[in-house]
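Chemist: Below is one structure. I have some questions about it.
The values are calculated or read from the model by the stated rules, or taken from the named source; none is laboratory data. As the structure is a computational prediction, the values presented were derived from the model and not from experiment. Here the Cβ positions follow ideal geometry from the backbone for every residue, glycine too, while neighbour counts run over all protein chains shown. Quick note on the areas: whole protein, heavy atoms, side chains included, nothing else; ligands and nucleic acids left out. Shrake-Rupley method; radii C 1.70, N 1.55, O 1.52, S 1.80 Å.
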Amino acid sequence: MSAKTLYDKLWDAHVVRSEDDGTALLYIDRHLVHEVTSPQAFEGLRIAGRKPWRADSVMAVPDHNVPTTDRSAGIEDPVARLQVQTLDSNCQEFGLNEFVMSDIRQGIVHVIGPEQGATLPGMTVVCGDSHTSTHGAFGALAFGIGTSEVEHVLATQCLLQNKSKNMLVSVDGKAADGVTAKDIVLAIIGELGTAGGTGYAIEFGGEAIHALSMEGRMTVCNMAIEAGARAGMVAVDATTIDYVKGRPYAPKAKLWDQAVAEWQDLHSDAGAKFDKTIHLDAAAIRPQVTWGTSPEMVVAIDDVVPDPDQESDSVKAEGMRKALTYMDLKAGTPIKDIAVDKVFIGSCTNSRIEDLRAAAKVAAGKQVAANVKLAMVVPGSGLVKQQAEKEGLDKIFLAAGFEWREPGCSMCLAMNADRLEPGERCASTSNRNFEGRQGAGGRTHLVSPAMAAAAAIAGHFADID
Amino acid sequence: MQAFTQHTGIVAPMDRANVDTDAIIPKQFLKSIKRTGFGPNAFDDWRYLDKGGPDIDNATRRANPDFVLNQPPFDKATILVARENFGCGSSREHAVWALEDFGFRAVLAPSFADIFFNNSFKNGLLPMVLDAETIDFIFKAIAQKPGFEITIDLETQTLTMEGYALVKFEVDAFRKHCLLHGLDDIALTLQHADEIKAYEKKRSQETPWLF
């Protein structure tokens, strides 16, 4: 048998049937559902008189719209409230497992799947959310889908798919202290470009990737989509298995042993063929800060805002000029001279316990700078929040002048009340710096949790010691 | 789904790369539980000078006169042309619904983001990948003659426009079939229900922890 990549193995194990033109009907093991991209799918089921094919494959949670302040009064915004209520009633009607807003297990869909052990190695995982690539960290094939596909999976447990090409991104050697998973993935996107991964499934490998915790691997896979790849993944190793063991939805006893034996094969075979391979030297990666309106517009903390006149590609140069105007930045400005108005630590990219620990370490015993109007920490789930409080991280943040909030997507996309006002500049641990992403006219700089905390303390971007 | 067979229409130019789905339909409009009504808020941040929201009547807002889709004849455009990586970012199908609701039937670009590309086909919006030279020609043709029209024929996979040779475009056979006939692909998949059940039976023996 010929050598296979991890993606080939995951793909082959899930093909129900293939059409002559190469389209495959792919079986889906886990379907994660949230309130924003599902109501029209449930409505479609009702209109056609269809039922979910496999209700037990679904895990639902409201996350995009939920308030991060006191929730005892419910959601103030009537439109957002209706959307969350619609998810609740759809899950009741169709008999689906949902962690409602008041449940301690509620949180960002891409945080709670792994946290609950609902994401397992070898699975196919989909969700009506582009950051579903996060779950690939477990040696799973995970990708975001649109609402029509949400309906298709609900009704048939399958998706019609064309196989992507294989790409290996190998981050070789050891990363320096203070260089986190976020810096690694931003550096990868800087190298590949926002469309460099389009049409590919990316496997992240190399020493620096395997040295990462599961939280770190999730951060890297989360942002595969920002390089254009629907799916990102990391091979299974002991780190993966240790993380999954004992989680509520993970297999137990004899089934656990059987599963672990099966998962040993979830890596690319020696000699497997990739359509494209890129190598990055981990030691050369510095803490990263985006300066523009696309995640590929990224430089190191000790660098300056780049000059469009130095760019030979005219479409790219024009994009850079538009970005500089929108971001109100001048070419040549040192990144460390850029002052911030708000700081957001959270999102499906960086709201797990390790992220909060890294930010708290920087904030401990310090004070948020006077020019920073708001510095907020939004844990990824109720359980992350509980763990952080057990470790006293909430006290550290509060003493330093940060706000300590309830879990949800929050200011990553600003669907709830947490947002930037026009012209405000934010150091954010989220994943997209698009125009208006965090609020119309808002200016986003993507960074790691430690770098976000450092910016909050200094009042401008600063290197972490 | 609305079928797509042949279409002739005015082309609107959007001379940008990486037009993302947050730009196509900003987040505040995603709170709707319906599939319709997104058109008036397509490209909302670029299209209006003042703030918008689901509870704000667009008729009371000032349109941005510099935005291409506010300018005749492009306010009647049914085809959009843009640069690389159109539709990147969020998986929101609302972006496709907004373009359709505005009146677009096709988007022409050198490349598309994968999820947007998929979502388009599910809704009768044709995303067409054209080489950079053809895209450049279209931008130039519109600059010379606003109101420049293109005819798209899906059956023959051709694009016809004045001053340029007939263009053949690629489209996946299955997607073409569904689009031409406006087919519901759930019904097509359910024709294979026995195969799905057989797969489940086999997999539940091999990997019982997944069932």
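Chemist: Rounded to the nearest 100 Å², what's the accessible area chains B and A bury against each other, both chains counted, probe 1.4 Å?
Modeler: 5300 Å²
Chemist: Here is a follow-up. Check each residue of region B:189-211 and keep those whose accessible area, probe 1.4 Å, is at least 20 Å² smaller with all protein chains in place than in the chain alone; give them in order of residue number.
Modeler: Buried by the other chains: B:Thr189, B:Leu190, B:His192, B:Glu195, B:Ile196, B:Tyr199, B:Glu200, B:Arg203, B:Pro208, B:Trp209, B:Leu210, B:Phe211.
Chemist: For region B:6-183, give the share of DSSP beta bridges that are antiparallel, in percent and rounded to the nearest 5; count only bridges with both residues there.
Modeler: Roughly 45 percent of the DSSP beta bridges within region B:6-183 come out antiparallel.
Chemist: Turning to a different aspect of this structure: Which of rounded, prolate, oblate describes chain B, given a ≥ b ≥ c as roots of the alpha-carbon gyration tensor eigenvalues and a/c under 1.5 marking rounded, otherwise prolate only if a/b is larger than b/c?
Modeler: It is oblate, given that a/c is not under 1.5 and a/b is not larger than b/c.
Chemist: Let me ask another. Measure off, as a whole percent, the carbon and sulfur share of the 1.4 Å-probe accessible area of the protein assembly as shown, all protein chains present.
Modeler: Using a 1.4 Å probe with all protein chains present, the protein assembly as shown comes out at 51 percent carbon and sulfur.
Chemist: Just list whichever of A:Lys9/A:Lys165; B:Lys34/B:Lys122; A:Lys245/A:Lys361; B:Lys122/B:Lys176 have alpha carbons separated by over 20 Å in the model shown.
Modeler: Long pairs (Cα-Cα over 20 Å): A:Lys245/A:Lys361.
Chemist: Picking from B:Ala106, B:Ala173, B:Ala42, which is most flexible by a Gaussian network model of chain B using Cα springs under 10 Å?
Modeler: B:Ala173
Chemist: What's the FRET efficiency of A:Ser102 with A:Ser2 using the Cβ-Cβ distance as r and R₀ = 51 Å, to the nearest 0.05?
Modeler: Computed FRET efficiency for A:Ser102 and A:Ser2: 0.50.
Chemist: When the Karplus curve 6.51 cos²θ - 1.76 cosθ + 1.60 is applied with θ = phi - 60°, which whole-Hz ³J(HN,Hα) does each residue of region A:45-51 get, with x for Gly and Pro?
Modeler: In residue order, the calculated couplings are 4, 4, 4, 8, x, 9, 10 Hz.
Chemist: Quote the relative contact order of chain A in percent (integer), defining contacts as alpha-carbon pairs under 8 Å separated by 6+ residues.
Modeler: 17 percent
Chemist: Using a 10 Å cut-off around each Cβ of peptide B:119-129, what is the average number of partner chain Cβ atoms that fall inside?
Modeler: Partner-chain Cβ atoms within 10 Å, mean over residues of B:119-129: 2.
Chemist: Report the GluC sites (Glu not before Pro) located in region A:11-105 that are in a DSSP loop and have at most 15 other Cβ atoms inside 10 Å of their Cβ, or state none.
Modeler: In loop regions of region A:11-105 (DSSP not H, G, I, E or B), the sparsely surrounded GluC sites (Glu not before Pro) are A:Glu19, A:Glu76.
Chemist: Would you tell me the accessible area of A:Asp309, worked out with a 1.4 angstrom probe on the heavy atoms of the protein chains, in Å² to the nearest 10?
Modeler: The value for A:Asp309 is about 110 Å².
Chemist: Just B:Glu84, B:Glu93, B:Glu200 to compare: in a GNM of chain B, with alpha carbon springs under 10 Å, which one fluctuates most?
Modeler: In the Gaussian network model the winner is B:Glu200.
Chemist: Another one. If ligands, DNA and RNA are left out, what is the accessible area of A:Arg81 with a 1.4 Å probe, given in Å² to the nearest 10?
Modeler: Result for A:Arg81: roughly 90 Å² accessible.
Chemist: Between A:Ile278 and A:Asp463, what is the label-to-label distance in nm when each label sits 7 Å out along the Cα-to-Cβ direction?
Modeler: Taking the two extended label points, one gets 2.5 nm.
Chemist: Tell me whether the protein assembly as shown comes out rounded, prolate or oblate; compute the Cα gyration tensor, take square roots of the eigenvalues as a ≥ b ≥ c, and use a/c under 1.5 as the rounded threshold.
Modeler: Taking the square roots of the gyration eigenvalues as a ≥ b ≥ c, the protein assembly as shown is rounded.
Chemist: Measure off 7 Å from each Cα along the Cα-to-Cβ vector at A:Ala253 and B:Gln6, then give the distance between these two points in nanometres to one decimal.
Modeler: Each label point is offset 7 Å from its Cα along the Cβ direction, giving 6.8 nm.
Chemist: Kindly state, to the nearest 0.05, the FRET efficiency for B:Ala165 paired with B:Gln191, given R0 = 41 Å and r defined as their beta-carbon distance.
Modeler: The calculated FRET efficiency here is 0.50.
Chemist: Setting aside same-chain residues fewer than 8 positions from B:Lys201, which aspartates and glutamates have a Cα under 14 Å from its Cα?
Modeler: A:Asp29
Chemist: Averaging over every viewing direction, what projected area does the convex hull of the Cα atoms of region A:76-151 cover, in nm²?
Modeler: Computing the convex hull of the Cα atoms and averaging its projections yields 5.8 nm².
Chemist: For chain A, what is the accessible area per residue in Å², given a 1.4 Å probe and the full set of protein chains?
Modeler: Per residue, chain A has 33 Å² of solvent-accessible surface.
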